[in-house]
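Taking it in order: structure first as structure tokens, then the write-up.
The values are calculated or read from the model by the stated rules, or taken from the named source; none is laboratory data. In this text, all values refer to a predicted model and were calculated from it rather than measured experimentally. Because the Cβ atoms are built from the backbone with ideal geometry, glycine has one as well, and the counts that use them run over all protein chains shown. All accessible areas refer to the heavy atoms of the entire protein, side chains included, with ligands and DNA or RNA removed. Shrake-Rupley method; radii C 1.70, N 1.55, O 1.52, S 1.80 Å.
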Amino acid sequence: MALDLPVHGGDLAAADSRWGKPAAGWLDLSTGINPWPYPVGHLPATAWTRLPGQPEEQAARAAARHAFGCPSADVVMAGGSSALILALAFSQAPSAVAVVGPTYGEHARAWSLAGHKVTEIDSLPDAGEVVVVVNPNNPDGRLIPPAHLRTLAERCRLLVVDEAFGEVTPDRSVAASASDRLVVLRSFGKFYGLAGLRLGFALTGAALGARLTERLGPWPVSGMALAVAAKALADDGWAQATRAHLANMADRLDEVLIRAGLNVVGGTSLFRLAAHPQAGMIYDRLGRAGILVRAFAGRPNLLRLGLPATQAELERLGAAL
């Protein structure tokens, strides 16, 4: 069936317009955001009332280097990784850009807006001017071995590796190899469950880092975001426990999907990708039941589902399926 689909997940206003506001409230499974957010706790009032300064920025950068395992990288922060994708594209001279897809659509859009010639390819190339890879990939969870990416970086002018979901597979990260030729993007809001904070990181070398910093201008990140990042990214115990918790719920979600006749074909422990010949009908049925998932106009047999937060939500999904 033909579907008029939103560009991104999480658009509850559009869901209200399409199906009406559900009496039980929306169960939003249309994003890959951790449903158990980091417990922020107390933060200093000055994080709200003062412009962030160098000490706050340096504390957040140090915590990022620790969490991402990149002690020598230049860390550039912005209000979400989407802002960094756009800034990065505009920081480069017009180039041939290969985006390994199908993948997150903002990469191709940003590089095209910046005047580059963008081509989507279906596998990792041997070389190229600029190559963009999402690893783990969104929405299928495809993982490319780090050694392959490091080799490709030596054969490109610029390799961009988007590790927005990389916290769940830290052993596959290339953050430690970040340089002016290998830029790694990381998203804070997904794994830490605080997407509304809007915080992203570009890990790179000093020269490209300086260009990105200049393009973003002063105070690209709020004082509150810096304070939360400095605290959360240093909390190794929470991160380790959360990886296990996410993996457990992803397994339980798979069981529900398989029982309902869907085929789980990929994903990460933050989201699952399922296939069904009548995926469009299932998408609409779930929407009418107040459950929002992600469908894809170009791939009408696929649905992406984020994790329910509770057993009751998992049972609600199972009943609707």
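Condition check ((1) within 22 Å of Phe271 (Cβ to Cβ); (2) of a type outside the set (Asp, Glu); (3) in contact (Cβ under 8 Å) with a residue 24 or more places away in the chain) across all residues:
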site: Gly101; (1), (2), (3): yes, yes, no
site: Leu113; (1), (2), (3): no, yes, yes
site: Ala127; (1), (2), (3): no, yes, yes
site: Val131; (1), (2), (3): no, yes, yes
site: Gly141; (1), (2), (3): yes, yes, yes
site: Leu152; (1), (2), (3): no, yes, yes
site: Glu167; (1), (2), (3): yes, no, yes
site: Val174; (1), (2), (3): yes, yes, yes
| Of all residues making up the stretch 110-150, the number that are among the hydrophobic types (A, V, I, L, M, F, W, C), closer than 19 Å to Ala83 by Cβ and part of a loop (DSSP other than H, G, I, E, B) | 1
| note | Note on the stretch 300-318: residues without any contact (Cβ under 8 Å) to a residue 12 or more places away in the chain and under 14 Å from Ala260 (Cα atoms) are Glu315
| Would a scan of the stretch 206-220 turn up a residue that is in contact with a Lys or Arg (Cβ under 8 Å, 6 or more places away or on another chain) and outside any strand (DSSP E or B)? | no
| said: So, in the stretch 162-204, exactly how many residues are open to solvent by 10 Å² or more (accessible area, probe 1.4 Å), out of contact with any strand residue (DSSP E or B) (no Cβ under 6 Å at 6 or more places or on another chain) and aliphatic (A, V, I, L, M)? | reply: 4
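So that you can scan it fast, the table gives a plain yes or no per residue for (1) open to solvent by 50 Å² or more (accessible area, probe 1.4 Å); (2) closer than 25 Å to Ala14 by Cβ; (3) not in a strand (DSSP E or B):
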| residue | (1), (2), (3) |
| --- | --- |
| Ala247 | no, no, yes |
| Arg252 | yes, no, yes |
| Glu255 | yes, no, yes |
| Val264 | no, no, no |
| Ala274 | no, yes, no |
| Leu305 | no, yes, no |
| message | Looking only at the stretch 58-88, count every residue that is open to solvent by less than 50 Å² (accessible area, probe 1.4 Å), aliphatic (A, V, I, L, M) and in a helix (DSSP H, G or I) and tell me the total. | response | 10
